[in-house]
Amino acid sequence: MRCLRVFTIALSGPALAQDLPEVPISSEVAAMMATTVESGDYLQQVSGYALDADRDGDLDLIVEVASSPVGGNAVWVVPYVLRNTGGTYEIATKLDINGWISGLRLDGEVLTITTTTYLPGDARCCPSGIEVRDFALR
């Protein structure tokens with residue numbers, strides 16, 4: 001299990017496991033995430049999921065930034081955790097995972113991220129495998 005030392009979670013009672021919803025991304029967050037794209041690449045999309053990881057009442061985000069090289073046919077997907085401090089988002093950390101996020105689940109202090117992954121013989125367009133990773137939020 002990997003440990004994200006991004007948040008300190010103080011739970012006041014037993015936490016219920018919950019699937020995290022995909023949420024619309026504001027133009028401000030999309031513009032901020034566009035600055036993370038490598039020079040020579042272009043931004044394809046920014047998508048995200050909401051969670052109150054630090055239990056302060058503000059929804060934090062896990063976002064995926066998808067970019068491609070100009071004139072190329074590859075797509076890079078980089079996930080980040082964004083902390084919400086009074087309505088302003090800042091990048092807290094980059095997650096060490098590969099592939100598109102296909103599901104997130106929060107169970108107490110454990111964030112489970114399911115991603116697509118390539119299996120031998122998969123075409124570049126179409127990963128057919130899944131990878132499940134657990135992260136401890138602290």
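The values are calculated or read from the model by the stated rules, or taken from the named source; none is laboratory data. Since we're looking at a predicted model, the values are computed, not measured. So basically every Cβ, Gly included, is an ideal-geometry build from the backbone, and we count neighbours across all protein chains shown.
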Give Ser39, Ser67 a once-over and let me know the one that is of a type in the set (Gly, Ala, Ser), farther than 18 Å from Val23 by Cβ and surrounded by 16 or more Cβ atoms within 10 Å (Cβ to Cβ). Ser67
Taking the residues in segment 44-59 that are within 15 Å of Ala30 (Cα to Cα) and not β-branched (Val, Ile, Thr) as candidates, determine which candidate is farthest from the chain's Cα centre (by Cα). Gln44
Please work out which residue is farthest from Ser27 (Cα to Cα), limiting yourself to segment 85-137 and to residues that are in contact with a strand residue (DSSP E or B) (Cβ under 6 Å, 6 or more places away or on another chain) and not in a strand (DSSP E or B). Leu119
Condition first: loosely packed, with under 14 Cβ neighbours inside 10 Å, more than 21 Å from Asp58 (Cβ to Cβ) and at pLDDT below 90. Now tell me which residues in segment 85-121 satisfy that. Asp96
Going by the conditions given, is Val77 in contact with a strand residue (DSSP E or B) (Cβ under 6 Å, 6 or more places away or on another chain), surrounded by 12 or more Cβ atoms within 10 Å (Cβ to Cβ), assigned to a strand (DSSP E or B) and free of Cβ contacts under 8 Å to residues at least 60 places away in the same chain? yes
